[in-house]
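Q: Have a look at this one before I ask anything.
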Amino acid sequence: MRSGYSHFIFFFSAFFLFTSVLAQENLSALEIVKKADEKVRGKTNHSVMEMEIIRPTWKRSISMKGWGRGLDFSMTYITAPARDKGQVFMKRKTEMWNWMPSIGRMIKIPASMMSQGWMGSDYTNDDILKESSIVVDYNHSVEKVEVIEGLECYKIEMIPKEDAAVTWSKVYKWITKDEFIQIRSQYFDEDEELVKSDFAYDFKKMDGRLIPSRIEIVPADEPGKKTVVYIREIHFDIDLPESYFSQQNMKRIR
């Protein structure tokens, strides 16, 4: 009796594992990208991060707290250095705002500043504003499966949809098959020249999820220049209503 039960449990476990693997194999490229994005974002999140801007002759570090709700809402509060402390940035769907308490001004980021680096980094205002674009403005396909740094990954090719107002002519993303962690991306301009890449390192369990704790953004053909983002702490699926992302709250958060 015990032997028969054990065989049943083994068969059931093996069958469940097989069907789970098969389900993953049948995922579309878009579903893979969505899974990778949701893993590091959750429905909502609150994070503590540091960003290091590295240039050939100098370095600059910025500390911050962040709040996010899906792809359309985010808020970032700068905690250091002292000269920038208190600044708040908010994305609300198609708009970006900056509260500067030192001069008491609320500024809407204009279209002319979208290509500029956020806080002088290699992460542009347009990257922040169009985070949802990666999901909605591109056609996705699995080009192949390849091993990157010992990890089996889907290589996803992303080509803009017709008439999509996007910066990139093509994007490649490498996403691990087992944990859906995005470990590398490449971004190409209209001449199909590589503009920048990003790389994920130091995977850690945070709030029950295995995610990269260090992300490097590296411009192409600019030696000695990159931006490194360190995720020190993050909590997912917290109570964070859409109303939290308001100009009034930008002036209150700490």
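The values are calculated or read from the model by the stated rules, or taken from the named source; none is laboratory data. No experiment lies behind these values; they were computed from the predicted model shown. Cβ sites come from the backbone with ideal geometry, for glycine too, and all protein chains shown count toward neighbours.
Q: Does Ser112 fit the bill of being over 26 Å from Thr176 (Cα atoms), of a type in the set (Gly, Ala, Ser) and part of a helix (DSSP H, G or I)?
A: Values: over 26 Å from Thr176 (Cα atoms): yes; of a type in the set (Gly, Ala, Ser): yes; part of a helix (DSSP H, G or I): yes.
Judged against the criteria, Ser112 is a match.
Q: Let me ask another. Going by what's in this entry, would Asp163 be described as closer than 23 Å to Tyr138 by Cα, among the acidic types (Asp, Glu) and in contact with a strand residue (DSSP E or B) (Cβ under 8 Å, 6 or more places away or on another chain)?
A: no
Q: Which one is nearest to Lys225 (Cα to Cα) among residues in the stretch 132-148 that are in contact with a strand residue (DSSP E or B) (Cβ under 8 Å, 6 or more places away or on another chain) and either modelled with pLDDT under 90 or acidic (Asp, Glu) (or both)?
A: Keep residues of the stretch 132-148 that are in contact with a strand residue (DSSP E or B) (Cβ under 8 Å, 6 or more places away or on another chain), which gives 134, 137-148.
Cutting the leftovers down to either modelled with pLDDT under 90 or acidic (Asp, Glu) (or both) gives us 134, 137, 143, 146.
Details: Ile134: 25, Asp137: 29, Glu143: 30, Glu146: 28 Å.
Across the stretch 132-148, the extreme among qualifying residues is Ile134.
Q: Could you pull out the residue among Lys205, Lys226, Lys196 that is of a type in the set (Lys, Arg) and over 21 Å from Gly120 (Cα atoms)?
A: Of the residues listed, the single one that is of a type in the set (Lys, Arg) and over 21 Å from Gly120 (Cα atoms) is Lys205.
Q: I'd like the full set of residues that are part of a strand (DSSP E or B), in contact with an Asp or Glu (Cβ under 9 Å, 6 or more places away or on another chain), of a type in the set (Val, Ile, Thr) and touching a residue at least 40 places away in the same chain (Cβ under 8 Å), limited to the stretch 139-178.
A: Result: Val142, Ile156.
Q: If you don't mind, there's one more thing I want to ask. Based on this model, can you work out whether Lys108 counts as in contact with an Asp or Glu (Cβ under 6 Å, 6 or more places away or on another chain) and exposed (fewer than 15 other Cβ atoms within 10 Å of the Cβ)? Before you say what the answer is, go through the steps one by one.
A: On the way: in contact with an Asp or Glu (Cβ under 6 Å, 6 or more places away or on another chain): no; exposed (fewer than 15 other Cβ atoms within 10 Å of the Cβ): yes.
When the stated conditions are applied, Lys108 does not pass them.
Q: To continue, here is another question. Limited to the stretch 27-51, what total is found for residues that are touching a Phe, Trp or Tyr at 6+ places or on another chain (Cβ under 9 Å), in a loop (DSSP other than H, G, I, E, B) and surrounded by fewer than 17 Cβ atoms within 10 Å (Cβ to Cβ)?
A: Number of matching residues: 2.
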